[in-house]
Amino acid sequence: MANSPHKMLFHKRLEGPQTLGKGKGFWSGFLLVLAAACVYPLFADGYDVGNNVYFFNWVFMALGLCLIWGYGGILSFGQVAFFGIAGYCYGILTINWGAAYGLSLVALGLAVVVAGLVAALLGYFLFYGRINGVFLGIVTLSFTLVCERFMAQTAGPQWTVGTARLNGFNGMGGMPPLTIPWFGNDIILFPDVQLYYLILALLVAVYLGLRVLLNSRFGNVLVALRDNPERAEMLGYDIRRYQLTAFVIASMLAGLSGALYTAWGQYITPSSMGMTAAALPIIWVAVGGRGDITTTLVGTLLVLAGFQALTVYGSQYALVLMGALLVITVLAAPQGLVMGVVNLTTRLWRRFTKEARS
Amino acid sequence: MNKILTPIMMGMGLLGLNSPLMAEESIKLGVLEDQSGDFAVATIGKVHGIQLATEEINADGGIDGRPLELVIYDTQSDNTRYQEFMRRVLQRDKVDAVFAGFSSASREAYRPIVDQFKGLAFYNNQYEGGVCDANMIVTGAVPEQQFSTLIPYMMEKYGKRVYTIAADYNFGQISAEWVRDIVKENGGEMVGEEFIPLGVSQFSQTIQNIQRVQPDFIVTLLVGTAQSSYYEQAMSANLRLPMASSVNVGQGYEHKRFNPPSLANMYVTTNYIEEVDTPASKAFLEKWHQKFPDEPYVNQEAENSYLAVYLYKQMVERAGSTDHDAIRKVIAEGDVCMDAPEGKVCIDPKSQHMSHTIYLARVGEDHSITFPKVWKNIKPYWLGDAGCDLTQSNPATQYTPSNPPSKN
Amino acid sequence: MAFLSELFAFLYQAGDAFAFLVLAACGLAIVFGMMGVINLAHGEFILCGAYVCATATRLGMPLPLSVLLGALVAGIVGMILERLVIRHLYHRPLDTIVATWGISMIATQGTLIVLGSTLPGTGTPLGSFTLGDYSFSQYRLVLIGTALATLVGLYLLFTRTRFGILARATIQMPHMAQALGINTGLVYSLTFGLGAGLAGLAGGLYAPTMTLVPTMGSAFLVEAFVTVVVGGADIFLGTAPAAAILGVIKAALTSWYGQLAGQIGLLLTAIVVIRVMPRGLSGWLLRERG
């Protein structure tokens, strides 16, 4: 692997003190899972594949929240605002431009950038105003609810951007799915196998990118200021800059989720920015384990699939069971469900090997 | 991560196919309704209606000898659940038709998916109107049916100064537009119009605004459980003006839930409520209570859902298959009608909406219901007149009076 | 006279908004201000109070007693929950958000399953009175009075009673209080119970004026949070003036620009206040004073 110093550096930063998992065992496991994920559509029907794409869509937002909450110690209750902003952006741009010539992909990129810009503006206001802790959570929540209430009343024909109607509470529909330009025949990415591979590739890229980022100087400083902001400041770091950067990255990831979700279902609604929607990412990250991006990734997928399964088979008891799951997780596995299970199995395994030896 | 997901998914798949023999011959209907969350008050009855009709049809030999099988999911009043489960019923359960949705937002959330998979969805709900989509059949009432009857009656009886309070979203805004137009056509005057964001539960200011202008009657287009607190608060502030509505009573049975006389002197146009005093309605209600003795109320959406199953039966039997194109050919003949508990109903081939018997229900001081007037065979004319013709083309769009189909 | 009746109408509206904010927020403010716990199940304690009150009233109990019963039941439920769940999370404030969110889901859906989708109302007591062009609900005046009485009562409780002194001591220096022989566990439990009881009181008081459904608590939640955050950690220097200011702003915006402006104005005010005073009104007042 170590052909050049550059490559070594990159390799080094894929693992480090800030992320779980290192060494051959972890990475061969990672490749195995990745390979399984790649061949999986060959064995599954269109529904399962499309449904998994749907789950993957949300993971970006969860990873972003893990970055600011788990690593930065900043609980933002308003990530869904950026989700919604990017979703509406994607809708407005693609309805006006159409999806030909790869314009839907450009719209995807622009939507993420817009989410980032709004986050930069709000974040500047927050972090340079020294707002932190619970207050930050409430301000971000208020921001989300303002966005929701504003969008909810845009039903009238005066709320039109170009040819795109915002369409109020009923939500904006009719935008084209992501489309890859191809000679003569564009590939339209309906929620099926092609979209699956695109999102999977994005997900792997974001996951590895975040690992590198977290094990770099930036990640170390972020953790330092989470653990003790005063100390970090005394050491000469401008913590506001680091917090703002992390917030913008997280919000762009939320934006990516939003734009992908809009393209997936060809629909976006103000309730994506409502109270319930705002709490969900926090639940995924908390249950999965906010301390690490791998546990967040696995946990988010587990919770999404679990909640859906509960809704399918639990009928009206689903919400009760979900609530109980949350309470129990917080009480019994404070580091999150995934870490809890990992810890438990290692303990059991140690006891087992000990017994076997003796 | 898929190593973990796949077994779960496979497990779901196995459970879904528990009776492969049945699946071959039965006709599957997907049912996506909000059995929990905000909208549960009005929608649990819809599921019961579908179950009742299915049981009757199956006891009677099914559709062309094929039994009906229901695939029911609880959508929890959550738009994203509609997206998930609409894909699930169409792709995994491969249902022949879907009965789905309460709020307009949920319908708009699932409609792109129905269109993508060329599914056939019944929307059995009263709504703001305007959906022109070949893959949708709407059995609920629309504004032209409810307001073109209600508003002129109210203006004649009480006067021409009208005040509207409406929920501040698509349904409220579009309905208010209908009210405004009809009031103007009949030479009346809008003395006030106020839009209330969803979820608002405190109405002191609104009540004062109404008192300031002293209208002849109020049109209340309030939606959701929080907003229905208005009536109690208006009553306690002694605001006793006559009210007209297209949503209350017929949907959320507020006259049963609130203390009299907070809804006294309210007039509602509805295509069915359980107080309708015809033999057909009484027989229907008796069957219903036999199966669901604890049902709090049978509202118009419950009846719409019930009759939709029978309409589907008729269409499949006439088409000879569950194929959508064949079914739409039957609709295009223009005589898909049936005698429902409310009276005779027919599907309009141009818009695939339904004509209704419209009952004017008046709520008394003790919250008893009387019917001062009944209009028979009121057609959903607006979409067709505006230029939506599903027998010719399928724009798959929702139009509004201020955003009608473009005429070429 | 016309001017006077307009003035009274405006004051009535502002007072009405003030009462709603105070009653909705004071339970939350105690739990947050004294214990640092963000209670997302606050709305469900309101629900509990409302349901108990409405049921008791229907069974023939006089309304004031039913309201108190609602508050009592909510308080007891709160103390039980504190023992079972909240107690284990004091050193992890952000986790309490998740846990209380879970409790809120269980309570809302559980209520729907057990008690059905709606409960019949009881009707608003007292009548109305007329002034100038307007008629007003008398019960609303009772609400305004109760809100003020609650504030006074809390002030006396925390400054004049043994419990209040012990509670403040425990909150400020838990270890010292413990060393001095105070049963801090009991104090925390009682404080949380008090917060839940106040939520129940709000529920009971508003039960006659609202639709009783399992999700009714959410109608209070956002306003309550905004008030608490604008106010900061102290109830008397924070929540009360915050509710007064927000009440006036909301009433003014609602009467001039409609309900939407009132709602959005409330949220924007919160954002601006926190930007100017990151620790809320009380943080700002205390800093100026000290």
### Task
Would you work out which of B:198, B:400, B:76 lies farthest towards the positive end of the dipole of chain B? Charges go on Cβ: Lys and Arg +1, Asp and Glu -1.
B:400
### Query
Using Cα pairs under 8 angstrom and six or more residues apart, how large is the relative contact order of region A:153-282, in percent?
30
### Summary
Placing +1 on each Lys and Arg Cβ and -1 on each Asp and Glu Cβ in chain C, then taking the dipole about the Cα centre, the residue among C:225, C:270, C:77 whose Cα reaches farthest towards the positive end is C:77
### Query
At a Förster radius of 45 Å, what calculated FRET efficiency corresponds to the Cβ-Cβ distance of residue A:350 and residue C:163, to the nearest 0.05?
0.40
### Task
Skip the ligands, DNA and RNA, and give the accessible area per residue of region A:102-221 with a 1.4 Å probe, whole Å².
38
### Message
Could you compute Rg(Cα) / (2.2 N^0.38 Å) for region B:144-245, with N its residue count?
### Response
0.99
### Message
Give me the summed buried accessible area for the A-C pair, 1.4 Å probe, to the nearest 100 Å².
### Response
3500
### Task
With the full set of protein chains in place, find how many percent of the accessible area of the protein assembly as shown is carbon and sulfur; take the probe as 1.4 Å.
63
### Message
Quick check for you: which residues of region B:104-134 have the amide N under 15 Å from the point 7 Å beyond the Cα of residue B:66 toward its beta carbon?
### Response
B:120
### Query
Any idea how far apart residue A:43 and residue B:290 come out in nm if each label point goes 7 Å out from Cα toward Cβ?
5.1
### Query
Given a cut-off of 60 Å, what percent of all Cα-Cα pairs of the protein assembly as shown lie beyond it?
9
#### Entry: Rounded accessible area of residue B:66 (nearest 10 Å², 1.4 Å probe)
80
## Note on the structure
Treating only Lys and Arg (+1) and Asp and Glu (-1) as charged, each at its beta carbon, one finds that the protein assembly as shown has a dipole about its Cα centre, in Debye to the nearest 20, of 4100
### Query
Where a Cα-Cα gap under 22 Å defines reach, which lysines qualify for residue B:160, not counting those fewer than 8 residues away within the same chain?
B:184, B:373
### Query
Largest first, what is the accessible-area ranking of B:93, B:60 with a 1.4 Å probe?
B:60, B:93
### Task
Evaluate the Kirkwood expression for the hydrodynamic radius of region A:154-213, namely the inverse of the mean inverse distance over all pairs of different C-alpha atoms, and round to one decimal in Å.
14.6
### Message
For the protein assembly as shown, give me the percentage of DSSP beta bridges that are antiparallel, rounded to the nearest 5 percent.
### Response
50
#### Entry: Per residue accessible area of region C:2-289, 1.4 Å probe, in Å²
37
### Message
Give the lysines reachable from residue A:24 as a straight Cα distance under 28 Å; neighbours fewer than 8 places away on the same chain don't count.
### Response
A:7, A:12, A:354, B:3
### Query
Which value, in square angstrom to the nearest 100, describes the accessible area buried between chains C and B on both sides, using a 1.4 angstrom probe?
2900
### Task
Compute for chains B and A the buried accessible surface, both sides summed, probe 1.4 Å, and express it in Å² to the nearest 100.
4200
### Query
How large is the helix-only mean residue ellipticity at 222 nm for chain A, computed as the sum of -39500 (n - 2.57) over DSSP H runs with n ≥ 4, divided by its residue count, in deg cm²/dmol to the nearest 500?
-24000 deg cm²/dmol
### Message
Above 31 Å lies some portion of the pair distances; for region C:2-289, what is it as a whole percent of all C-alpha pairs?
### Response
28
### Query
Label points 7 Å out from Cα along the Cβ direction at residue A:235 and residue C:76: separation in nm?
5.3
## Note on the structure
Quick shape check on chain B: root eigenvalues a ≥ b ≥ c of the Cα gyration tensor, a/c under 1.5 is rounded, otherwise prolate if a/b tops b/c, else oblate, and it reads prolate
### Query
Which of A:235, A:253, A:195 moves most in a GNM of chain A, Cα contacts under 10 Å?
A:235
## Note on the structure
Largest fluctuation, A:152, A:86, A:254 only, Gaussian network model of chain A with Cα springs under 10 angstrom, belongs to A:152
### Task
Considering Cα pairs under 8 angstrom that are at least six residues apart, work out the relative contact order of region C:84-195 and quote it in whole percent.
10
### Message
Quick check: pseudo-label points 7 Å beyond the Cα along Cα→Cβ at residue B:314 and residue C:256, how many nm apart are they?
### Response
5.8
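The values are calculated or read from the model by the stated rules, or taken from the named source; none is laboratory data. Just so it is clear, the model here is predicted, and its values are computed rather than measured. Heads up, the Cβs are rebuilt from the backbone with ideal geometry, glycines too, and the neighbour counts pull from every protein chain shown. Heads up: the accessible areas ignore ligands, DNA and RNA and are worked out on the full protein's heavy atoms, side chains in. Shrake-Rupley method; radii C 1.70, N 1.55, O 1.52, S 1.80 Å.
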